[in-house]
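Following: one structure in structure tokens, then a few remarks.
The values are calculated or read from the model by the stated rules, or taken from the named source; none is laboratory data. Given the structure is predicted, the values throughout are model-derived calculations rather than measurements. So basically every Cβ, Gly included, is an ideal-geometry build from the backbone, and we count neighbours across all protein chains shown. Accessible surface areas use protein heavy atoms only, side chains included; no ligands, DNA or RNA. Shrake-Rupley method; radii C 1.70, N 1.55, O 1.52, S 1.80 Å.
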Amino acid sequence: MPDLILHHYPSSPFSEKTRLALGYKKLAWKSVLIPPIMPKPDVLSLTGGYRKTPVLQVGADIYCDSALIFDVLEHVQPDPPLYPPHLKGVARVFAQWADTMLFWAAMAYNLQPKGAAHVFAKTPDLAKTFSEDRKAMSGNLVRLRPGDATSAYRSYLRRIASMADEHDFLFGMEPCVADFAAYHGIWYTRRQVPPLADIFNATPSVIEWAERMAAIGHGAHTELAPADSIAIAKAADPQPAGSNLLIDSAFQDDHGIPLGTRVTITAESFGPEPTEGELIAATRTHYSLRREDPRAGTLHVHFPRVGYALRKADPG
Ligand SMILES: N[C@@H](CCC(=O)N[C@@H](CS)C(=O)NCC(=O)O)C(=O)O
């Protein structure tokens, strides 16, 4: 199998979620550092529009969104499992809540004026650029005000504490997808905005659990230049649907859009930039598009079904 190449940046929570899963599964990976704000020409050469972080590249196959990347990692290295069979449904549902409700409460708390002042203390010029970049991504996202975010985050931490009080990890003695998804917004508070980390004082078992998560580490990885990752994509052939690193290939048509149609795929909230291409798979778990890029050649770009909108491309 070609190398697993993670496109990410150090302070990205969803990247931390993914780096820890790579570490948990003891997978070796290549690290391509990407910018946290636009422009991102190298990322867009691979994805065709999707700009969010992280993205996993395997040859000329591009897997967008950490939820889909977790499916890929489970397929590549089933042990230890991210989706233990007895928790499959509940762990996925919990993870989806954690990646959305918990994450946005945590980030609105983290980046309230006091937190933002800390994060951008050394780079004050970046604060405005960063805020404008994220505002452009946030169209249909409801942003919590600091007081409401604090209340929600506190409540969520108490719920997580009641799980962490019971066992080492949220659903038992080993971590699963739920732990990784619950961890990354909390990691951001502890790591990037320590002046706001006193919110954990009321829930010491969350701190102990977070220490156990941090101890998993990121596994063995080596740096790769962005240009080299594009050369790798160009030199590779994308894998045919059914023999890539995803778990299923049977067509599930919920939209009346046949395979072979020119389509766009767009995140339902946060990050409105569409990726356009030919629909080559629409399974119960994911969509795959084929697209051509002048620099990276023929690519297959994959998205999870949940959280993404599939539309026929505008013929004009
Ligand atoms: N549902 C996506 C969310 C990814 C996401 O929102 N990532 C943040 C960084 S942690 C992002 O893309 N921010 C804008 C950027 O990096 O350009 C996933 O699970 O990967």
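Lysine pairs in the chain 8 or more apart or on different chains: how many have alpha carbons under 24 angstrom apart?
Number of lysine pairs found: 26.
When you count, for each residue, the other Cβ atoms within 10 Å and take the mean per peptide, how do 40-48, 144-152 rank with the highest first?
Working: 40-48: 21.4, 144-152: 14.8.
Top of the packing list down: 40-48, 144-152.
Distance between Cα centroids, the range 40-82 to the range 262-286: provide it in whole Å.
Taking the Cα centre of the range 262-286 as reference, the centre of the range 40-82 is 14 Å away.
Along each of its three principal axes, how wide is the spread of alpha-carbon positions in the range 1-130, in whole angstrom units, largest first?
Dimensions of the range 1-130 along the principal axes of its Cα atoms: 45, 33, 25 Å.
Keeping every protein chain present and rolling a 1.4 Å probe, give me the accessible area per residue for the chain in Å². List each step's numbers first, then the result.
Details: 14070 Å² over 316 residues.
Here the per-residue accessible area is 45 Å².
For the chain, what is the relative contact order in percent, using Cα pairs closer than 8 Å and at least 6 residues apart in sequence?
Values: 547 pairs, mean separation 83.1, N = 316.
Computed over the chain, the figure is 26 percent.
How large is the translational diffusion coefficient of the chain in µm² per second when you combine the Kirkwood radius over alpha carbon pairs with Stokes-Einstein at 10 °C and 1.306 mPa s? List each step's numbers first, then the result.
On the way: Rh = 20.2 Å.
So the translational diffusion coefficient is about 79 µm²/s.
Please work out the Kirkwood hydrodynamic radius for the range 80-127, using every pair of different C-alpha atoms, and report it in angstroms with one decimal place.
Numbers: mean 1/r = 0.0765 Å⁻¹.
So the Kirkwood estimate lands at 13.1 Å.
Report the semi-axes of the equivalent ellipsoid for the range 123-245 in whole Å, largest first, where each axis is √(5λ) for an eigenvalue λ of the Cα gyration tensor.
Working: eigenvalues 210, 120, 50 Å².
Each semi-axis is √(5λ); the values are 32, 25, 16 Å.
Could you work out what % of the accessible surface of the chain is carbon and sulfur, using a 1.4 angstrom probe and leaving DNA, RNA and ligands out of the count? Walk me through the numbers on the way to the answer.
Numbers: 7940 of 14070 Å².
Reported share for carbon and sulfur atoms: 56 percent.
Output the direction-averaged projected area (hull surface divided by four) of the convex hull of the alpha-carbon atoms of the range 87-164, in nm².
Average projection, Cα convex hull of the range 87-164: 6.5 nm².
One quarter of the convex hull surface, Cα atoms only: what value does that give for the range 188-277 in nm²?
Orientation-averaged projected area of the Cα hull: 11.1 nm².
What is the antiparallel percent of DSSP beta bridges lying wholly in the chain, to the nearest 5?
Values: 29 of 39 bridges.
Taking every DSSP beta bridge within the chain, about 75 percent pair in antiparallel fashion.
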